[in-house]
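Presented below is the structure to which this report refers.
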There are 2 protein chains.
Amino acid sequence: MAEGKGAKRIGVLGGGNVGGALARLWAGKGHTVSIGVPDPNRTQAKGGSPGAGVRLTTNREAAAGAEIVALAVPWPAAQEAIRAAGDLTGKVAIDCTNPLSSDLKSLTIGTTTSAAEQVAQWAPGARVVKAFNNIGAVNFGNAQFGNLRADGFYCGDDAAAKAVVRNLIEDVGLDPVDVGPLRNARMLEPLALLWIDLAVNQGQGPGHAFKLLRR
Amino acid sequence: MAEGKGAKRIGVLGGGNVGGALARLWAGKGHTVSIGVPDPNRTQAKGGSPGAGVRLTTNREAAAGAEIVALAVPWPAAQEAIRAAGDLTGKVAIDCTNPLSSDLKSLTIGTTTSAAEQVAQWAPGARVVKAFNNIGAVNFGNAQFGNLRADGFYCGDDAAAKAVVRNLIEDVGLDPVDVGPLRNARMLEPLALLWIDLAVNQGQGPGHAFKLLRR
C-alpha cells in the first residue's frame, strides 16, 4: 500500500480543541487514533473523554504505536510533549501549533524561524509537516462556506510525508493547499495569528477561513 | 465632502510595478495623481513614462500637493523616500511595502514589528494604513477570479484614514478587507511573502490571490 493511502495509526499529542477534533474526525474516517496526554488517569478523572473509537493514553504510548504523530498542544507545552513522546525518527510529525503570546496578539517566534522549524529541531529524524494550525478547529469537519471550501494550508520538506498529510487534511473536509518547504511555516503561523486575531481579539467569531484563489 | 469620498490628490512615491499600476488606475478613476521619484529627469531620460494623466515629479513635490501619499518603493529605499517627501503630518500614508530579503525568501523584519510600524516611526504624524502589499500588482485592476474577487487586506489605527484607503482599494478592483490595527501588518507582510514565494520561488506565476471566506 502506498504510504499516502489507507487507514493509518495516528497518535495525537494533546486532547484540547484541536487534538480532540482531529482525533474524532480521523477515527470517523477509519484511522486508528490515540490521544496522548501527560497523565491519562487524571484527564479521565476530570471528565476528559477522547470520543468514540479514540484511545486515551500517555504521550509515549500514543506515539509509540503510531506512524503519524500530530502535535496539538499549546506551544509552551510542545517541547515537553515531544520529549515525552520519545524517538520520532521516521514518523510523520504534523505540527499543528502556533507560538502564540499569552494575550493571543503576537507570536513569540517568527520571521527568521518558526514553531515548525523548532519542532523539527526538537524531534530530529521526524518528518515534520506544518498543518491544521491556520484555521480554528471548530471548522474541522465543517469547512464549507457557501459553495466554497476552506483551505488547509500545509508545508514541509518531505514529499512523501506531505502526501500523507494531504489525505488527512481532506479527511477533515478542508481543501489541501501545499505552500512549499517547511520554512514557509514562517508565513502560515502569522496567517493563523491573523485568523485568531479576527476571531478572538476583534470579536468576529470563528466563522471565517482563508482561501487561495487561482486563475 | 466626507473625507472618504470623491476625487483625491495622491502622491505615489515610486514608479515601479506597484506604484505605476496604482497611479494609472487611480488616475483612471478621476483622482489627481503624481508619481514621485528621486530624479524625474533621469527617470524620463531612461524612458520611464508615468502613464496618461499622471505627473512625474520629485518625491517632495508628489507629497507636498497630496492629501494621500502611497509608499511604493522597494523596502531598502523606503526610509530615504519618506525623508525626501518631507513632512507628512496629517496626510494619509499608505504603506505598500514588504521588507523582503534580496532573495525574496524572507522578511528582514517581523514578529515584534513590521514595515508599517517602522514607516509610522519614520513619518511621525502621518496617518499610516497598510495596503496594496499583499497581492501582486499585476492583479490590480484585474482582480476577478471566476466569480470571486481577490481581497485587498488593509490595517491601520486611524479609522478615517482607513475609510479613505478602503475606497482606493475598491478603485483598483479589490474587495477591501479591514483586518484591524496597524500592528496586524505583522501578519499582512508574511501573507505577502507567501504570495511572492508561490509566484516567484515556486514558479506558479502571479495568477493567485487570498480571500477571506465568511459564514
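Nothing in this text is a laboratory measurement; each read-out follows from the coordinates by a stated rule. What you see is a predicted model; the values in this text were computed from it and never measured. Using ideal geometry, Cβ is built from the backbone for each residue, glycine included, and neighbour counts are taken over all protein chains shown.
Observations
- Rg over Rh [alpha-carbon atoms, Kirkwood Rh] for segment A:92-190: 0.97
- For a label point 7 Å along the Cα-to-beta-carbon line of B:A160, residues of segment B:108-128 with backbone N under 14 Å: B:126-128
- Inter-chain neighbour count for A:112-125: the average number of beta-carbon atoms from partner chains within 10 Å of each residue's beta-carbon is 1.
- Low-density loop positions, trypsin sites (Lys or Arg not before Pro), segment A:24-87 - DSSP coil, at most 13 other Cβ in 10 Å: A:K46
- Rounded Å value of the spacing that divides the Cα centres of segment B:100-135 and segment A:48-84: 38
- Fraction of the pair-distance distribution of the protein assembly as shown above 39 Å, Cα-Cα pairs, percent: 25
- When the convex hull of its Cα atoms is viewed from all sides, segment B:9-201 shows a mean projected area of 10.2 nm².
- Relative to its Kirkwood radius, the Cα radius of gyration of segment B:141-215 gives an Rg/Rh of 0.99.
- Convex hull volume per residue for segment B:43-87, taking Cα atoms only, in Å³: 92
- Rounded to the nearest 20 debye, dipole of chain A from Cβ charges on Lys, Arg, Asp, Glu: 340
- Contact order normalised by residue count of chain B, Cα under 8 Å, 6+ apart, percent: 19
- 19 Å Cα-Cα threshold exceeded, pairs from B:K8/B:K91; A:K130/B:K211; A:K8/A:K29: A:K130/B:K211
- Label-point separation in nm, A:S101 to B:S101, each point 7 Å along Cα→Cβ: 2.4
- Sequence of B:K130, A:K8 once ranked by neighbouring C-beta atoms within 10 Å, starting from the fewest: A:K8, B:K130
- For B:V200 and A:A77, the FRET efficiency from 1/(1 + (r/R0)^6), where r spans their Cβ atoms and R0 equals 41 Å, is about 0.65.
- Once the Cα-Cα distance is subtracted from the 0.36 nm per residue extended length, the A:R215 to A:A52 segment shows a gain of 54.5 nm.
- Projecting the Cα atoms of B:F153, B:L88, B:Q121 onto the dipole axis of segment B:9-201, where Lys and Arg carry +1 and Asp and Glu carry -1 at the beta carbon, places B:L88 farthest toward the positive end.
- In terms of its Cα atoms, segment A:42-146 spans 40, 38, 28 Å along the principal axes, sorted from long to short.
- With all projection directions averaged, the alpha carbon convex hull of segment A:1-74 covers 4.7 nm².
- Taking the convex hull of Cα positions in segment B:109-150, its mean projected area over all directions (nm²): 4.4
- Cross-link partners of A:K105 among aspartates and glutamates, defined as those whose alpha carbon lies under 13 angstrom from its own and excluding same-chain residues fewer than eight positions apart: A:E189, A:D197.
- Cβ-defined net charge surrounding A:F145, 13 Å radius [Lys, Arg +1; Asp, Glu -1]: +3
- The other copies place their B:K46 label points at 6.2 nm from this one, listed shortest first, where each point is 7 Å from Cα along Cα→Cβ.
- Note on A:Q144/B:I109: beta-carbon distance plugged into 1/(1 + (r/R0)^6) with R0 of 41 Å gives a FRET efficiency of 0.65.
- Cβ-based charge dipole, chain A, positive-most Cα from A:A163, A:L107, A:A62: A:A163
- Extending 7 Å from the Cα toward the beta-carbon at both B:K29 and A:A45 defines two label points whose distance is 6.3 nm.
- Note on B:I94, A:I135: ascending count of other Cβ atoms within 10 Å places them as A:I135, B:I94, the fewest first.
- For segment B:172-215, a crude dipole built from +1 on the beta carbon of Lys and Arg and -1 on the beta carbon of Asp and Glu, taken about the Cα centre, is about 220 debye to the nearest 20.
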